[in-house]
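Each reported figure results from applying straightforward, stated rules to the coordinates on display, with no laboratory input. What you are looking at is a predicted structure, and each value in this text was computed from that prediction instead of being measured. Methodologically, a virtual Cβ is constructed for each residue, glycine included, from the backbone with ideal geometry; neighbour enumeration extends over all protein chains shown.
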Amino acid sequence: MILRQFVVVAVVALSALLGGGAAPAAAHPNAIQSTPEAGSVAPEAPKAISIALSEPAVARGSTFEVTGPGGKAVATGPVTEKANGQILSVVPRTTLASAVYTVRWSALGDDGHVVSGSFRFGVATADGDDPPGAASLTGAGQRPDSSAAGDSVIRWTGRWAGILMASVLFAGLLLLHRLRRAGEISPAGESRLLRLTPTAWLVTVLAAVAGALTSATAGSTGEFDLGLLTESATGRADLARLAFVAVATAALLVVRRRPRVRPWVGLAAAGGVLASYAFSGHVLTEPSVPYLLAVVVHVLAAGLWLGGLGAVAVASRVGGVDVRTSLRRYAAIAIGALVVVVLTGVAAAIREVAHWYFLTWSGYGRVVLAKAALVVVIAVIGLVAWRRSRGDRQPGPARAVGFELVAGVVVLALAVTLGALVQGRDRPLPAQVGNLFAGPAAATAVLDSGTAAVGLAPARAGDNVLTVALPPEDPAAKKVSVVLTGPDRGDRPRTVDLQQHGGRTWSAPVDVPADGQWRAEVTVDGESGQAVALEVGVPEAPGAPPIDVVAVADLSGPAAERCRAHVIGVQMALARLNADGGLDGGRKVSLLTIDSGGTPDGARKAAARALRAGGVASAGTCGGGGSEAVEALADADLPVVVGDPAVDPTETRGVFRLVADPFAQGVALGQLIRGRVQPAGVAAEPVVRALVADDLQGRRLLAGLRIGLSPKAAPRGFAEPSSRPVPEVVQLEPGSLASLDDGALTRVIDARRTTALVVDLPDAGGPDVGAIERLGRARGDKVLTSPILLSERVLSETVVRASGALGHLGAVQGVSEVSPSSTDAVLYRMAVPQLFRGELASLDGLRGYATGRAIAEALATGTSARKVLEYLGSPDVFSSALLAPWSPRQPGLGSTAVVALQPQFLAPTLIPGSAGGERQDDSYFPEGNWAVTSTAPLGLVPGLGAGTQVPR
């Protein structure tokens, strides 16, 4: 009866698990990186096209297919491998022309699974420009797509049957020996049991043959290739098993007429086959001797434990042995085997699951949990059966053994299924899957007149703002429209007409009904560019919902250009956190950015919308109305990190101002004038002209300027002769420069009459800075000008470029709390054009990056407001770009230290890029960079300003 139950349960379980075919594996090895990088434009034709994998693969069973424009195939050499098979490559037979290429690849992993995927890349023109069709690339910073096929039914069935029969043979022969030695089985019963061994052995032989055949056809093409048996670790393991089975079969034939020796040879043969199944699947990737030994012991112990259940049933049904007797002889083996199975199984699970998330939210982890639960059930039932076998109580242990068999067969099926599922080890967490830069979508469209920056915020299904920033060299456009096409093929394109609301940016509200990759084709006055890709939505994952950091930014108004850069910087910092695995449980951090339009009312409405979305903190708030948005967010108990110098200092609780305190900026500007400008100046009388707004920031900066000009404010590295007169500060009325013609303005900034001009005005300087820019373009190279020192809310790459010769000659200078020469700044500067084509690094973007790093480090300690506030109240070093964080006593006022900056326009070839020199795409300017001109940090020093009333 028990044997019949065993057979029926085995067939039913096998049929149930195979009814829909083996479960597909998500990835067995995972694609980590491609060369050229997926979605990027290579500066020159690559010598090789490669894919990097998390686990070794076999070149012989792998394929690459490269196609160019129009689907034309590109001839390549054979697939080669390096780095122990973790990098597969092909070499194009001819140099790739400037175009966009698609690579479809398929790799045979060492574990016997085929992984496939695709990626696209472009090759730049000889001049370094993007190739035709580059706008359709999604941009760098994403893993290549990959997926894997599951085990075939033949392979799964062969492994299941082979392990099952080997286990029953191994445990059964051992049990038979113990029964014979105790005299508890008759010779007739022993003979009947031994007559079953040839059938069981035949099943193991067929299973070994099936394994070798499936390995020989496991390549990407599916063709029969015996060479794969020696190329892959799985193939070699299957070949070794087949060879062992052949040798063992010969040995069994030799001793078939020696009844005393035959059981021992059979025991060794069954144990060897069983142990060989340890060398398959995930264990073959990144193997180590201790781990391999642990898996071998695990498989043998499991075979003894679960195979013994079948052996007890067979001994009772065929051998005529009482179930109680068999259980007593089997109990000692079972208990020891169970202890070994649990210990080695836990070690294997820790290695393969690798992360708590995959234990509960992946197919592999759920199978591990189900298997563990069934092992506990079997152990409990076995204990009950063992206790009943010690006496004559009824009902006997037979029914318990039957239940154990049912669970044991299912456990074996689950164990075999694990080999066909993707393990957690080396698998990307939810935060690392899909778009790492979850937030507003940004792309660059190529037009005949230049490039146009395209944006969509917040890039979530629902209400959005679509923006297009035209190139500075483009004449005033009359009409700008965008044709939007949804991610589904059946979506009808729709045309959106944009309006100009300030500066170079055109915008319009738009409803985006669905997540996915949208295409946007920009048309300016009838001229259409190539369609660009805009990613909408944040990738979802079961058990790990994304976490929102909210930002209110002017993406469509006067500050759109610098706020776009600022938000991109925050996104880059959060993407770094996502690339490292995100927050606890692998949760992705996304930036929910709401456009304010650059007005206080728009900022308040955007803040209210952001609060309704339920973010955990705020970073990236930028532009007009930023102060109102910060107050609204902080009043709702949301921790806020401010990285935009246009946002006013505040004493509101929960606000941490990363940008420099205007008072510290004023002190630094005074120190700079006294220590470097005044000694080199030619002015007859030391006069500092201050064009400062009568607002909170302006009053604080002016107070700091007066203190910074005093001798006691000299920082380290600046000599301060006592005989040097303190410059007189002469205030200019805002708007006064804008009313002057070029001649009068030249006299104001003449180095013989003015030691330095200090400018601190809202709206990036407004008309007054516009007058300086006009003079610089018209006759900047003919003016003997004093240094024009700009505060943080005025200084930008845009102002320097617009100032013509005054900017290129270094007359336009300033201070900044972020240092462009720091390690973080260099990494940011080099990454921006790679991750966001058409964008250059900027001070506003670097501030955004530092702001994002502050929030990322805070969230890493916990996502509750209390945890975030606790970290930000006394932060560790979160970015080398920031000289000093905010004061813990007054975090809303800002940083206390800055560096002096001056633009330098000198390409590496000493020839400007516009004249044929080398273009620097990884710089702050197309033909130059920022230089730090102070030898030590400037700003507040201990005791500075004591007794001075600072405006608040």
Problem - Net charge of neighbours whose Cβ lies under 12 Å from the Cβ of K479, counting Lys and Arg as +1 and Asp and Glu as -1 - result: -2
Exercise for the section: Could you work out, for segment 490-585, what percent of all Cα-Cα pairs fall into each 10 Å distance bin, beginning at 0 Å and stopping at the bin that holds the largest distance? Expected result: 12, 33, 36, 17, 3
Exercise for the section: Starting with the highest mean, order 89-95, 40-46 by the number of other Cβ atoms within 10 Å, averaged over the residues of each peptide. Expected result: 40-46, 89-95
Exercise for the section: At a Cα cut-off below 20 Å, give the lysines reachable from K47, other chains included and same-chain residues fewer than 8 away excluded. Expected result: K72, K82
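Round to the nearest 0.05 the FRET efficiency obtained for T652 and V376 when R0 = 60 Å and r is the Cβ-Cβ distance.
Working: r = 55 Å, r/R0 = 0.92.
With a Förster radius of 60 Å, E is 0.65.
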Practice task
Would you calculate the separation in nanometres between label points at D129 and A97, each defined as 7 Å from the Cα along the Cα-to-beta-carbon direction?
Solution key: 1.6 nm
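Based on the alpha-carbon set only, what is the convex hull volume of segment 152-418 divided per residue, in Å³?
Numbers: hull volume 34.7 nm³, N = 267.
So the per-residue hull volume is 130 Å³.
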Problem - Convex hull of the chain built on C-alpha atoms - directionally averaged projected area, nm² - result: 46.2 nm²
Handout entry: Check: the chain dipole with +1 on Lys, Arg Cβ and -1 on Asp, Glu Cβ, in debye
Key = 5400 debye
Exercise for the section: Would you mind telling me the antiparallel percentage of the DSSP bridges in segment 31-135, rounded to 5? Expected result: 95 percent
Exercise for the section: May I have the pair-distance distribution P(r) for segment 31-135, computed from all Cα-Cα distances with 5 Å bins from 0 and rounded to whole percent? Expected result: 2, 14, 25, 24, 17, 10, 6, 2, 0
Problem - Within segment 164-240, GluC sites (Glu not before Pro) in DSSP loop having at most 15 other beta-carbon neighbours inside 10 Å - result: E223
Exercise for the section: Post the alpha-carbon centroid distance, segment 490-562 to segment 652-703, in whole angstrom. Expected result: 39 Å
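Please compute the volume of the convex hull spanned by the alpha-carbon atoms of segment 437-657 and report it per residue in Å³.
Working: hull volume 26.3 nm³, N = 221.
Measuring per residue, one finds 119 Å³ for the Cα hull of segment 437-657.
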Fill in the blank from the handout: Lys and Arg at +1, Asp and Glu at -1: neighbours of S786 with Cβ under 9 Å from its Cβ sum to +2
Problem - DSSP-defined beta bridges in the chain - what % are antiparallel, rounded to 5 - result: 70 percent
Handout entry: segment 165-249: chymotrypsin sites (Phe, Trp or Tyr not before Pro) in DSSP coil with no more than 13 other Cβ atoms inside 10 Å
Key = F224
Practice task
Could you work out how far the C-alpha centroid of segment 300-338 sits from that of segment 587-624, in angstrom?
Solution key: 67 Å
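Sorted by average packing, counted as other Cβ atoms within 10 angstrom per residue and highest first, what order do 738-747, 446-455, 787-796 take? It would help to have the intermediate numbers written out before the result.
Working: 738-747: 13.6, 446-455: 20.1, 787-796: 26.7.
Most protected by this proxy first, the peptides run 787-796, 446-455, 738-747.
Given contacts defined as C-alpha pairs under 8 Å and at least six residues apart, what's the relative contact order of the chain, whole-number percent? If you can, show how the numbers build up before the last one.
Details: 2143 pairs, mean separation 82.9, N = 952.
About 9 percent, as a whole number.
A 25 angstrom limit on the alpha carbon distance is what I want to check against. Which of K479/K605; K588/K867; K605/K867 exceed it?
Values: K479/K605 28 Å; K588/K867 18 Å; K605/K867 27 Å.
Result: K479/K605; K605/K867 exceed 25 Å.
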Problem - Relative contact order for segment 152-418, counting Cα pairs under 8 Å that sit 6 or more residues apart, in percent - result: 23 percent
Exercise for the section: Give me the distance in nm between label points sitting 7 Å out from Cα along the Cα-to-Cβ direction at D637 and D580, one decimal. Expected result: 2.8 nm
Handout entry: Principal-axis tilt of helix 289-317 within the chain, Cα atoms, nearest 10 degrees
Key = 40 degrees
Practice task
Can you tell me the order of 297-308, 105-116 when each peptide is scored by its average per-residue count of other Cβ atoms within 10 angstrom, highest first?
Solution key: 105-116, 297-308
Exercise for the section: Using only Cα atoms, find the angle between the long axis of helix 197-216 and the longest principal axis of the chain, and express it within 0 to 90 degrees, rounded to the nearest 10. Expected result: 30 degrees
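Do the sum for the chain: with -39,500 (n - 2.57) for every DSSP H run of n ≥ 4, divided by all residues, what is the mean residue ellipticity at 222 nm, to the nearest 500 deg cm²/dmol? Could you put the intermediate results ahead of the total?
Values: 24 runs with 368 residues, N = 952.
Calculated mean residue ellipticity at 222 nm is -12500 deg cm²/dmol.
Tell me the net charge near G320. Cut-off is 15 Å between Cβ atoms, G320 excluded, with +1 for each Lys or Arg and -1 for each Asp or Glu. Could you put the intermediate results ahead of the total?
On the way: positive: R180, R192, R195, R317, R324, R329; negative: E184, E190, D322.
After counting each charged neighbour, the total is +3.
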